[in-house]
């Protein structure tokens, strides 16, 4: 009797070729987040990441009203499609408007579009197809439902959750059957919404921003173990918590979660910095390496703005850190006692 051949599922994330580093490129800065990046600098960044072996890339319509998708597609189309993984997001649609402001949602010098929320079946299909057109690609390896949380939607959050369960996810599953999408999940910086969705249904992947970092461990008690048990594969964004873990406390002027950092985060970061100095560990290295020790986490997506920032991220991922450093953080109560460390 001839045995039926089985095939491994297609990859969702790929480590850096050659080095094996679990590091991907996040595309928000390519959409001119906070300040403009020139076309030539954007392409140079993606080309440099590729040359360093990066094979996992993430973007979204929200990132510069499609500018990030366009730039990433222009840079990646020269490579065989199966040699890299690419993700984008759904939940926001872009509508052309000649009078649209050139600065919106923290992005500057952006194309003339306005965005609006749309988690409907038709809106979800249109979002994915629009993204594929901007990217110049025929499929996405992952699609994340972007920012469906209560903090973003306020009183409308329960309706968003119902629509997500009844329309968005079923439509993405249909697109998966059609071959336009390979895996589906949520892209969020909120732990509660992921737990709510996982109580009702299944997900393939999760893009979690800022909630499992050297500073913020809010995903650790419940979400990470649940994802591990349910087979939800996690990519982490925002491991610098929007700045403070890259720059340090900066005398009280650092940012956390895209806003001026509260005193609790400034004080905690300053204490971590002291341990870093004693052990000769750059804060950025600790921030990049720490979350990858958890078995639920597969990759960190680095939102680099320039070739220099990308290369620094690669160097920080490779910086040697001894177990004594992590033990010192535990001893000072800066890491939970049970947390996995590299």
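The values are calculated or read from the model by the stated rules, or taken from the named source; none is laboratory data. Fair warning: this is a prediction, and the values are worked out from it, not measured in the lab. Quick reminder, even Gly has a Cβ in these numbers, built from the backbone with ideal geometry, and neighbours come from all protein chains shown.
How many residues does region 46-60 hold that are assigned to a helix (DSSP H, G or I) and either out of contact with any helix residue (DSSP H, G or I) (no Cβ under 8 Å at 6 or more places or on another chain) or touching a residue at least 60 places away in the same chain (Cβ under 8 Å) (or both)?
Taking region 46-60 as the starting set, the residues that turn out to be assigned to a helix (DSSP H, G or I) are 46-51.
Those left that are additionally either out of contact with any helix residue (DSSP H, G or I) (no Cβ under 8 Å at 6 or more places or on another chain) or touching a residue at least 60 places away in the same chain (Cβ under 8 Å) (or both): 48-49, 51.
The total comes to 3.
Among the candidates 252, 248, which residue alone is surrounded by fewer than 21 Cβ atoms within 10 Å (Cβ to Cβ) and free of Cβ contacts under 8 Å to residues at least 24 places away in the same chain?
On the way: 248 fails: free of Cβ contacts under 8 Å to residues at least 24 places away in the same chain.
Answer to the selection: 252.
Can you confirm whether residue 43 is modelled with pLDDT of 95 or more and either out of contact with any strand residue (DSSP E or B) (no Cβ under 7 Å at 6 or more places or on another chain) or part of a strand (DSSP E or B) (or both)? Quick ask: steps written out before the conclusion?
Numbers: modelled with pLDDT of 95 or more: yes; either out of contact with any strand residue (DSSP E or B) (no Cβ under 7 Å at 6 or more places or on another chain) or part of a strand (DSSP E or B) (or both): yes.
Judged against the criteria, residue 43 is a match.
For region 268-293, give me each residue that is more than 23 Å from the chain's Cα centre (by Cα), over 19 Å from residue 218 (Cβ atoms) and in a helix (DSSP H, G or I).
270, 273, 274, 275, 276, 277, 278, 279, listed by residue number.
Given the criteria assigned to a helix (DSSP H, G or I), touching a helix residue (DSSP H, G or I) at 6+ places or on another chain (Cβ under 8 Å), surrounded by 20 or more Cβ atoms within 10 Å (Cβ to Cβ) and at pLDDT 95 or above, does residue 30 qualify?
When the stated conditions are applied, residue 30 passes them.
Would you pick out the residues in region 236-267 that are part of a loop (DSSP other than H, G, I, E, B) and under 21 Å from residue 312 (Cα atoms)?
238, 239, 240, 248, 249, 254 - these are the residues of region 236-267 that are part of a loop (DSSP other than H, G, I, E, B) and under 21 Å from residue 312 (Cα atoms).
Just the residues that are surrounded by 11 or more Cβ atoms within 10 Å (Cβ to Cβ) and out of contact with any strand residue (DSSP E or B) (no Cβ under 9 Å at 6 or more places or on another chain), please, taken from region 83-102.
83, 102
Residue check, residue 297 against (1) in contact (Cβ under 8 Å) with a residue 60 or more places away in the chain; (2) more than 28 Å from residue 35 (Cβ to Cβ); (3) surrounded by fewer than 20 Cβ atoms within 10 Å (Cβ to Cβ), all met but one. Which one?
Condition (3) is where residue 297 drops out.
Of everything in region 71-82, what is touching a strand residue (DSSP E or B) at 6+ places or on another chain (Cβ under 7 Å) and either closer than 18 Å to residue 127 by Cβ or assigned to a loop (DSSP other than H, G, I, E, B) (or both)? Give them in sequence order.
First, the residues of region 71-82 that are touching a strand residue (DSSP E or B) at 6+ places or on another chain (Cβ under 7 Å): 72, 76.
Correct list: 72 only.
Kindly check whether there is at least one residue in region 305-322 that is assigned to a loop (DSSP other than H, G, I, E, B), within 30 Å of residue 59 (Cβ to Cβ) and within 15 Å of the chain's Cα centre (by Cα).
Yes.
When you scan region 229-254, how many residues do you find that are on the phi < 0 side of the Ramachandran plot and within 18 Å of the chain's Cα centre (by Cα)?
Within region 229-254, the first condition is being on the phi < 0 side of the Ramachandran plot, and the residues that meet it are 229-230, 232-237, 239-240, 244-247, 249, 253-254.
Narrowing the set further to residues that are within 18 Å of the chain's Cα centre (by Cα) leaves 232-237, 239-240, 244-246.
Count: 11.
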